[in-house]
Number of protein chains: 2
Amino acid sequence: MRDKNIWRANADSRVQCQIAPKFCGICGSDLHEYLGGANLIPTPGNPHPITGETLPLTLGHEFSGVVEEIGEGVDHVKKGDNVCVQPIIYDGDCRSCVQGLVNCCDKNGFVGMSGWGGGLSEHVVLPASCVKPLPANVSLELGALVEPLAVGWHAVDISPYKEGDSVLVLGAGPIGLVVVQVLVGKKCKNIIVSEVSKGRSEFARKFGAHHIIDPTSCDVVEEVARLTGGKGADVAFDAAGVQIGLDTAMKAIKARGTLVNIAVWEKRATLQMNDVVFRERHYMGVATFALGDFEAVIEAISTGE
Amino acid sequence: MRDKNIWRANADSRVQCQIAPKFCGICGSDLHEYLGGANLIPTPGNPHPITGETLPLTLGHEFSGVVEEIGEGVDHVKKGDNVCVQPIIYDGDCRSCVQGLVNCCDKNGFVGMSGWGGGLSEHVVLPASCVKPLPANVSLELGALVEPLAVGWHAVDISPYKEGDSVLVLGAGPIGLVVVQVLVGKKCKNIIVSEVSKGRSEFARKFGAHHIIDPTSCDVVEEVARLTGGKGADVAFDAAGVQIGLDTAMKAIKARGTLVNIAVWEKRATLQMNDVVFRERHYMGVATFALGDFEAVIEAISTGE
């Protein structure tokens, strides 16, 4: 069993860093929590099993900052370094963690959502493992984007996407755009985005999508078939989390194609089972990012990939 | 494009066989159609796109028989041979067929469900490709079981199951039992069956299941965790098609585990998305069997595997 202390943010734990946050993104889930929460944030009487904290707590999980202090045993960053924060909280010894799938931890949490301060704090003290150094050519501003980029990176990475595939992306909000960007980086030559908003569609085009379709004015299934030579998309990514989008995407992917859900749903999703069964389609969930994704994204930004 | 004539059962098509059915199984879907149908059977005004037939038609798709006549160009069987019937009907040139996924054909149908006679006929005339010779040591009685065995074979075959995995099977009806039997054949050492009926549970044990649990009297998620050293099942097969079973199985599989749906659902299935997303689980559909599965099953029966 690994040393659980490194996952604890107690003031007396040794392998920690104190960071002054500099840039912090506002995530869709922050808005959800602020306007309609608490949903994921632990409420009084029901503290988070790892942090022990409840409301009120500080938001912000997409952030970069400067190292102010390091604890004993920390050797991968030093005082004054620019860093970004990998905000997942996990216990390290649950059935998922022991397989290395810490983002699937039975007690999983998020810095800036489950406690331990957040990117909107003036100072945070975090386990050293949450703190990732930024290379000299990656600014603190870009550093705050590593987290959402890692979400898209991870989704594409564990999906069955391979070079040559046609991909449908549902929704061109921040995560949909990140998926587009990662697909471009991975040399995808046929990225089809379904988006209702004109502004977001424009962003999708700028980010490198090859086709943008408006589901309110065209038949997505027919259009995707047309744009894929009749075959259907090999993989679809759902970054919208809307029932009609799910139904449509399931029909728009090929037999044995995969629909990857990144979206967080507030209620149950329903499946038209004949579309799943009679075409042997796959539906899979992806959650945030895995160990190693942050490093891969920082490397990709640094090398311009 | 392949010669479509071989998929047509017109009396004048050349590459056909006439068969006298000898043994025929009654499938759950036959009961569905007879008692509560028509569901899959085409109704007047809406003929099957390949057979052109509608109700009334003859049931029976799990059958063996003896070749009575062969058409010109048929050389894999001769008059008097014992055979079994691979009952899938497909057009051969849809987007799925051209990928070789004929069981996912956009116009797919079934002998004994969509037309072309059925196992309860006295004589049927079928494309030669539907007719599979039985080796001398495989009886006509066993030959009628090749079809349901192929369903289980195919489900395990395209699932991510690998030796060493723990498997949960929902339902010990005929298809659940076949899945158990295939898993035993594939050396699975931890087959857990969830079944409410005492009689069916007994069959599951005889077929080789290692653990039988009754979901009405125990907590399936806890019990599966206990029987898998806390990890959860690697793969689950749903041969029941009941909402509560789906919900439970999704929780009972490990992070990144796969739930394989074999069942036919009459209504939409719903998913508790947090169980899918936060554990990165997979849900996949399987449909009947692929080309090659019949031959593999016949070989496995013949060699005693």
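The values are calculated or read from the model by the stated rules, or taken from the named source; none is laboratory data. In this text the structure is predicted, and so the values were computed from the model without any measurement. As a convention, Cβ positions derive from the backbone with ideal geometry for all residues, glycine included, and neighbour counts pool all protein chains shown. Areas reflect the complete protein model, heavy atoms only, side chains present, ligands, DNA and RNA absent. Shrake-Rupley method; radii C 1.70, N 1.55, O 1.52, S 1.80 Å.
Condition check ((1) among the acidic types (Asp, Glu); (2) within 16 Å of B:LEU134 (Cβ to Cβ); (3) assigned to a strand (DSSP E or B)) across all residues:
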residue	(1), (2), (3)
B:THR51	no, no, no
B:LEU55	no, no, no
B:THR58	no, no, no
B:VAL67	no, yes, yes
B:ASP75	yes, no, no
B:LYS79	no, yes, no
B:ASP91	yes, no, no
B:ARG95	no, no, no
B:VAL98	no, no, no
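Might you check whether a residue that is of a type outside the set (Gly, Ala, Ser), assigned by TED's automatic domain parsing to the domain that holds B:ASP91 and surrounded by fewer than 20 Cβ atoms within 10 Å (Cβ to Cβ) occurs anywhere in segment B:111-120? Within segment B:111-120, one or more residues are of a type outside the set (Gly, Ala, Ser), assigned by TED's automatic domain parsing to the domain that holds B:ASP91 and surrounded by fewer than 20 Cβ atoms within 10 Å (Cβ to Cβ).
Answer yes or no as to whether A:ALA287 is in contact (Cβ under 8 Å) with a residue 12 or more places away in the chain, within 8 Å of chain B (Cβ to nearest Cβ), of a type outside the set (Lys, Arg) and under 30 Å from A:GLY143 (Cα atoms). Outline the logic, then answer.
Numbers: in contact (Cβ under 8 Å) with a residue 12 or more places away in the chain: yes; within 8 Å of chain B (Cβ to nearest Cβ): yes; of a type outside the set (Lys, Arg): yes; under 30 Å from A:GLY143 (Cα atoms): yes.
So A:ALA287 passes the test.
When each of B:VAL179, B:VAL193 is tested for being open to solvent by less than 10 Å² (accessible area, probe 1.4 Å), more than 26 Å from B:GLY119 (Cβ to Cβ) and either touching a Cys at 6+ places or on another chain (Cβ under 9 Å) or at pLDDT 95 or above (or both), the lone residue that passes is B:VAL193. For segment B:275-284, does any single residue satisfy the condition of being assigned to a loop (DSSP other than H, G, I, E, B), within 12 Å of chain A (Cβ to nearest Cβ), open to solvent by 30 Å² or more (accessible area, probe 1.4 Å) and modelled with pLDDT under 95? Taking every residue of segment B:275-284 in turn, at least one turns out to be assigned to a loop (DSSP other than H, G, I, E, B), within 12 Å of chain A (Cβ to nearest Cβ), open to solvent by 30 Å² or more (accessible area, probe 1.4 Å) and modelled with pLDDT under 95.
Among the residues of segment A:230-243, those identified as at pLDDT below 95 and either more than 23 Å from A:GLY152 (Cβ to Cβ) or open to solvent by 40 Å² or more (accessible area, probe 1.4 Å) (or both) are A:GLY230, A:LYS231, A:ALA240, A:VAL242. If you take the residues in segment A:130-145 that are out of contact with any His (no Cβ under 9 Å at 6 or more places or on another chain) and under 22 Å from A:SER29 (Cβ atoms), which one is surrounded by the most Cβ atoms within 10 Å (Cβ to Cβ)? Filtering segment A:130-145 for residues that are out of contact with any His (no Cβ under 9 Å at 6 or more places or on another chain) and under 22 Å from A:SER29 (Cβ atoms), the one surrounded by the most Cβ atoms within 10 Å (Cβ to Cβ) comes out as A:GLY143.
Pick from segment A:255-274 the residues that are without any contact (Cβ under 8 Å) to a residue 24 or more places away in the chain and at the interface with chain B (Cβ under 7 Å from one of its Cβ atoms): which of them is farthest from B:PHE289 (Cα to Cα)?
Result: A:ARG268.
Restricting attention to segment A:68-97 and to residues that are of a type in the set (A, V, I, L, M) and closer than 18 Å to A:LEU145 by Cα, the residue that is surrounded by the most Cβ atoms within 10 Å (Cβ to Cβ) turns out to be A:VAL85.
Scanning segment A:32-51 for residues that are open to solvent by less than 50 Å² (accessible area, probe 1.4 Å) and in contact (Cβ under 8 Å) with a residue 60 or more places away in the chain gives A:GLU33, A:ILE41, A:PRO42, A:HIS48, A:ILE50, A:THR51.
Is it fair to say B:GLY100 is on the phi > 0 side of the Ramachandran plot, open to solvent by 20 Å² or more (accessible area, probe 1.4 Å) and within 14 Å of chain A (Cβ to nearest Cβ)? Reasoning before the result, please.
Numbers: on the phi > 0 side of the Ramachandran plot: yes; open to solvent by 20 Å² or more (accessible area, probe 1.4 Å): yes; within 14 Å of chain A (Cβ to nearest Cβ): yes.
Yes, satisfied.
Taking the criterion of being within 12 Å of chain A (Cβ to nearest Cβ) and not in a helix (DSSP H, G or I), the residues of segment B:213-238 that qualify are B:THR228, B:GLY229, B:GLY230, B:LYS231, B:GLY232, B:ALA233, B:ASP234, B:ASP238.
Would you call B:ILE175 out of contact with any Ser or Thr (no Cβ under 7 Å at 6 or more places or on another chain), touching a residue at least 60 places away in the same chain (Cβ under 8 Å), more than 30 Å from B:LYS78 (Cα to Cα) and not assigned by TED's automatic domain parsing to the domain that holds B:VAL297? Before you say what the answer is, go through the steps one by one.
Working: out of contact with any Ser or Thr (no Cβ under 7 Å at 6 or more places or on another chain): yes; touching a residue at least 60 places away in the same chain (Cβ under 8 Å): yes; more than 30 Å from B:LYS78 (Cα to Cα): yes; not assigned by TED's automatic domain parsing to the domain that holds B:VAL297: yes.
Here the answer is yes, as B:ILE175 does meet what is asked.
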